[in-house]
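Here the structure comes first, spelled out in C-alpha coordinates, and everything after it is commentary.
The values are calculated or read from the model by the stated rules, or taken from the named source; none is laboratory data. Bear in mind the structure is a predicted one, so any value in this text is a computation, not a measurement. When we count neighbours, we look across all protein chains shown, and the Cβ atoms used for this are built from the backbone with ideal geometry, even at glycine. Heavy atoms of the whole protein, side chains included, go into the accessibility calculation; ligands, DNA and RNA do not. Shrake-Rupley method; radii C 1.70, N 1.55, O 1.52, S 1.80 Å.
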Amino acid sequence: MPAPSSFDYAIIRVVPRVEREEFINVGVVLFCTTQRFLGARVELDEARLTALAPDVDLDAVRSHLESFRRVCEGGKDSGPIGRLPQKERWHWLVAPRSTVIQTGPVHSGLCHNNVEPRQALEHLLDTVVRVKRSA
(Lines give C-alpha, C1' and ligand atoms only; values in the text may rest on other atoms or scores of the structure.)
Protein backbone atom coordinates (compact mmCIF):
# COMPACT_ATOMS: atom_id res chain seq x y z
CA MET A 1 0.00 0.00 0.00
CA PRO A 2 1.53 3.34 -1.06
CA ALA A 3 2.21 5.96 1.58
CA PRO A 4 0.11 9.13 1.48
CA SER A 5 1.67 12.06 -0.38
CA SER A 6 1.64 15.46 1.25
CA PHE A 7 0.89 18.57 -0.77
CA ASP A 8 0.61 22.30 -0.29
CA TYR A 9 -2.07 24.44 -1.85
CA ALA A 10 -3.33 28.01 -1.95
CA ILE A 11 -6.58 29.53 -3.10
CA ILE A 12 -6.37 31.95 -6.03
CA ARG A 13 -8.45 35.07 -5.45
CA VAL A 14 -9.57 38.02 -7.50
CA VAL A 15 -9.48 41.21 -5.43
CA PRO A 16 -10.95 43.84 -7.76
CA ARG A 17 -10.43 46.74 -5.35
CA VAL A 18 -7.41 45.96 -3.23
CA GLU A 19 -8.15 48.80 -0.82
CA ARG A 20 -11.54 47.23 0.04
CA GLU A 21 -10.09 43.73 0.59
CA GLU A 22 -13.18 42.09 -0.95
CA PHE A 23 -12.49 39.04 -3.06
CA ILE A 24 -13.92 35.95 -4.70
CA ASN A 25 -12.17 32.59 -4.85
CA VAL A 26 -11.49 31.65 -8.47
CA GLY A 27 -9.01 28.80 -8.38
CA VAL A 28 -6.49 26.61 -6.59
CA VAL A 29 -2.78 26.08 -7.10
CA LEU A 30 -1.36 22.82 -5.69
CA PHE A 31 2.23 21.57 -5.29
CA CYS A 32 3.16 17.97 -4.44
CA THR A 33 6.93 17.54 -4.24
CA THR A 34 6.96 13.74 -4.00
CA GLN A 35 4.90 13.35 -7.16
CA ARG A 36 6.57 16.27 -8.96
CA PHE A 37 3.20 17.92 -9.50
CA LEU A 38 2.50 21.62 -9.82
CA GLY A 39 -0.93 22.51 -11.14
CA ALA A 40 -3.56 25.20 -11.09
CA ARG A 41 -7.27 25.06 -11.89
CA VAL A 42 -9.29 28.22 -12.35
CA GLU A 43 -13.02 28.74 -12.75
CA LEU A 44 -13.88 32.40 -12.99
CA ASP A 45 -17.53 33.12 -12.22
CA GLU A 46 -17.79 36.33 -14.21
CA ALA A 47 -21.31 37.10 -12.97
CA ARG A 48 -20.17 36.98 -9.32
CA LEU A 49 -17.12 39.10 -10.10
CA THR A 50 -19.06 41.78 -11.97
CA ALA A 51 -21.65 41.85 -9.16
CA LEU A 52 -18.78 42.66 -6.77
CA ALA A 53 -17.05 45.08 -9.15
CA PRO A 54 -19.10 46.12 -12.20
CA ASP A 55 -16.18 48.04 -13.71
CA VAL A 56 -13.63 45.20 -13.49
CA ASP A 57 -11.55 44.54 -16.62
CA LEU A 58 -12.54 40.92 -17.31
CA ASP A 59 -10.04 40.53 -20.16
CA ALA A 60 -7.15 41.56 -17.89
CA VAL A 61 -8.35 39.24 -15.12
CA ARG A 62 -8.64 36.29 -17.54
CA SER A 63 -5.16 36.99 -18.89
CA HIS A 64 -3.58 37.13 -15.43
CA LEU A 65 -5.35 33.95 -14.34
CA GLU A 66 -4.11 32.17 -17.46
CA SER A 67 -0.55 32.98 -16.39
CA PHE A 68 -1.02 30.68 -13.37
CA ARG A 69 -1.63 27.75 -15.69
CA ARG A 70 1.31 28.64 -17.93
CA VAL A 71 3.73 29.04 -15.01
CA CYS A 72 2.61 25.70 -13.54
CA GLU A 73 3.16 23.93 -16.87
CA GLY A 74 6.56 25.54 -17.26
CA GLY A 75 8.71 25.40 -20.34
CA LYS A 76 10.19 27.89 -22.76
CA ASP A 77 6.82 29.38 -23.78
CA SER A 78 5.82 30.22 -20.20
CA GLY A 79 8.09 33.22 -19.69
CA PRO A 80 11.08 33.61 -17.39
CA ILE A 81 9.20 32.43 -14.29
CA GLY A 82 7.95 29.33 -16.12
CA ARG A 83 11.53 28.32 -16.85
CA LEU A 84 12.44 28.16 -13.15
CA PRO A 85 12.54 24.81 -11.31
CA GLN A 86 9.12 23.62 -10.11
CA LYS A 87 9.70 24.50 -6.45
CA GLU A 88 10.76 28.05 -7.32
CA ARG A 89 7.71 28.49 -9.56
CA TRP A 90 5.51 27.36 -6.65
CA HIS A 91 7.08 29.94 -4.33
CA TRP A 92 6.66 32.67 -6.94
CA LEU A 93 2.98 31.77 -7.45
CA VAL A 94 2.12 31.91 -3.74
CA ALA A 95 4.25 34.93 -2.81
CA PRO A 96 2.16 37.64 -1.11
CA ARG A 97 1.18 40.48 -3.42
CA SER A 98 -1.13 43.49 -3.35
CA THR A 99 -2.61 43.13 -6.80
CA VAL A 100 -5.96 42.18 -8.31
CA ILE A 101 -4.88 38.52 -8.48
CA GLN A 102 -3.66 37.11 -5.15
CA THR A 103 -3.25 33.79 -3.42
CA GLY A 104 -4.46 33.11 0.07
CA PRO A 105 -2.33 31.48 2.76
CA VAL A 106 -0.63 28.19 1.99
CA HIS A 107 -2.26 25.10 3.51
CA SER A 108 -1.18 21.46 3.56
CA GLY A 109 -3.03 18.27 2.81
CA LEU A 110 -2.54 14.55 2.13
CA CYS A 111 -3.42 12.39 -0.83
CA HIS A 112 -4.83 9.17 0.67
CA ASN A 113 -5.87 5.87 -0.91
CA ASN A 114 -4.29 6.32 -4.35
CA VAL A 115 -5.73 9.81 -4.78
CA GLU A 116 -3.64 11.71 -7.31
CA PRO A 117 -2.73 15.38 -6.77
CA ARG A 118 -4.89 16.24 -9.80
CA GLN A 119 -7.90 14.69 -8.00
CA ALA A 120 -7.07 16.60 -4.81
CA LEU A 121 -6.90 19.80 -6.87
CA GLU A 122 -10.34 19.09 -8.34
CA HIS A 123 -11.77 18.33 -4.87
CA LEU A 124 -10.41 21.62 -3.53
CA LEU A 125 -11.85 23.51 -6.49
CA ASP A 126 -15.23 21.94 -5.76
CA THR A 127 -14.95 22.76 -2.05
CA VAL A 128 -13.64 26.33 -2.02
CA VAL A 129 -14.37 27.82 -5.46
CA ARG A 130 -17.53 26.41 -6.97
CA VAL A 131 -20.74 27.85 -5.57
CA LYS A 132 -23.43 25.28 -4.89
CA ARG A 133 -26.66 26.71 -6.22
CA SER A 134 -30.04 25.37 -5.16
CA ALA A 135 -32.46 24.36 -7.90
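List of remarks:
- What the phi angles of segment 20-31 give under the Karplus curve with 6.51, -1.76 and 1.60, with θ = phi - 60°, is a coupling list of 8, 6, 8, 8, 10, 6, 10, x, 9, 10, 9, 10 Hz, glycine and proline written as x.
- Taking 0.36 nm per residue of separation and subtracting the current Cα-Cα distance, fully stretching the chain between T50 and Q35 would add 1.7 nm.
- Remark: the R70-D8 segment gains 20.4 nm on full extension, using 0.36 nm per residue and subtracting the alpha carbon distance.
- Once the 1.4 Å probe is applied to the protein heavy atoms, the chain comes out at 60 Å² accessible per residue.
- Solvent exposure ordering (accessible area, 1.4 Å, most first) of S78, S6: S6, S78
- Ellipticity estimate at 222 nm from DSSP helix runs (n ≥ 4, -39,500 (n - 2.57)) divided over the chain, nearest 500: -10500 deg cm²/dmol
- Paramagnetic label zone (point 7 Å from Cα along Cα-to-C-beta, V128; backbone N under 14 Å) in segment 12-41: 12-14, 24-32, 39-41
- Per-atom-type breakdown for the chain gives carbon and sulfur 51% of the accessible area (1.4 Å probe, protein chains only).
- Between A51, A95, A120, the Gaussian network model of the chain with springs among Cα atoms under 10 angstrom shows the greatest mean-square fluctuation at A51.
- For T103, solvent-accessible area (1.4 Å; no DNA, RNA or ligand), Å²: 20 Å²
- Taking mean projected area of the Cα convex hull in nm² as calculated from this structure, the corresponding entry among [x] 8.0; [y] 9.4; [z] 10.4 is [y].
- Cα-projected label distance for R83 with E19, points at 7 Å along beta-carbon direction, nm: 3.9 nm
- Total formal charge among the other residues, if their Cβ is under 15 angstrom from that of T34, Lys/Arg +1 and Asp/Glu -1: +1
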